[in-house]
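Visitor: Dumping the structure here so I can ask a few things about it.
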Amino acid sequence: MARKTVPFNQSGASKLPNDKPVVYKIQTDSGKTNYVGVAKKGRVQERIEEHLEEGKISGSKVQIKQMPSIKEAEKAEARIIARSDPKYNEKGK
């Protein structure tokens with residue numbers, strides 16, 4: 001599936017594809033993952049913009065990976081969270 005990395009800002013979010021579900025990582029300049037999430041088809045850009053508006057998660061770039069289904073995205077999200085223990089993901093969620 002397709003991968004893409006863009007700046008964590010309004011302009012970057014508008015460049016993300018919306019045609020498939022994704023698992024996304026908000027990362028620092030050095031590549032450390034601060035947050036991992038999923039977005040449904042048609043809501044990818046909107047979901048990233050929600051994080052920008054809230055201003056609670058710091059980061060400089062967003063990396064997405066398109067997935068065949070939301071279920072696959074959720075499985076990938078759980079694996080990434082378990083492996084990288086992102087700073088802003090809630091424990092036990």
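The values are calculated or read from the model by the stated rules, or taken from the named source; none is laboratory data. Nothing here was measured: the structure is a model prediction, and the numbers come from that model. Every residue, glycine among them, receives a Cβ derived from its backbone with ideal geometry; neighbour counts consider all protein chains shown.
Visitor: Taking the conditions exactly as written (closer than 14 Å to TYR88 by Cα and touching a residue at least 24 places away in the same chain (Cβ under 8 Å)), does LYS20 satisfy them or not?
Guide: Answer is no for this residue.
Visitor: For the stretch 41-58, give me each residue that is closer than 22 Å to LYS91 by Cα and surrounded by fewer than 22 Cβ atoms within 10 Å (Cβ to Cβ). Let's see the steps before the verdict.
Guide: The initial filter retains those residues of the stretch 41-58 that are closer than 22 Å to LYS91 by Cα, namely 47-48, 50-52, 54-58.
Matches in the stretch 41-58: ARG47, GLU50, HIS51, LEU52, GLU54, GLY55, LYS56, ILE57, SER58.
Visitor: So which residues in the stretch 33-63 are closer than 10 Å to VAL22 by Cα and among the hydrophobic types (A, V, I, L, M, F, W, C), if there are any at all?
Guide: Of everything in the stretch 33-63, those that are closer than 10 Å to VAL22 by Cα and among the hydrophobic types (A, V, I, L, M, F, W, C) turn out to be VAL38, ALA39, VAL44.
Visitor: For ALA78, all conditions in the list (1) surrounded by 15 or more Cβ atoms within 10 Å (Cβ to Cβ); (2) at pLDDT 95 or above hold save one; what is the number of the exception?
Guide: So ALA78 meets the others, but not (1).
Visitor: Could you please tell me which pairs satisfy a Cβ distance under 9 Å, a separation of 6+ or placement on different chains, a first residue in the stretch 27-53 that is free of Cβ contacts under 8 Å to residues at least 60 places away in the same chain and at negative phi, and a second residue that is of a type in the set (Asp, Glu) and not in a helix (DSSP H, G or I)?
Guide: Listed by first residue and then by second, the contacts come to THR33/ASP85; LYS41/ASP19; VAL44/ASP19.
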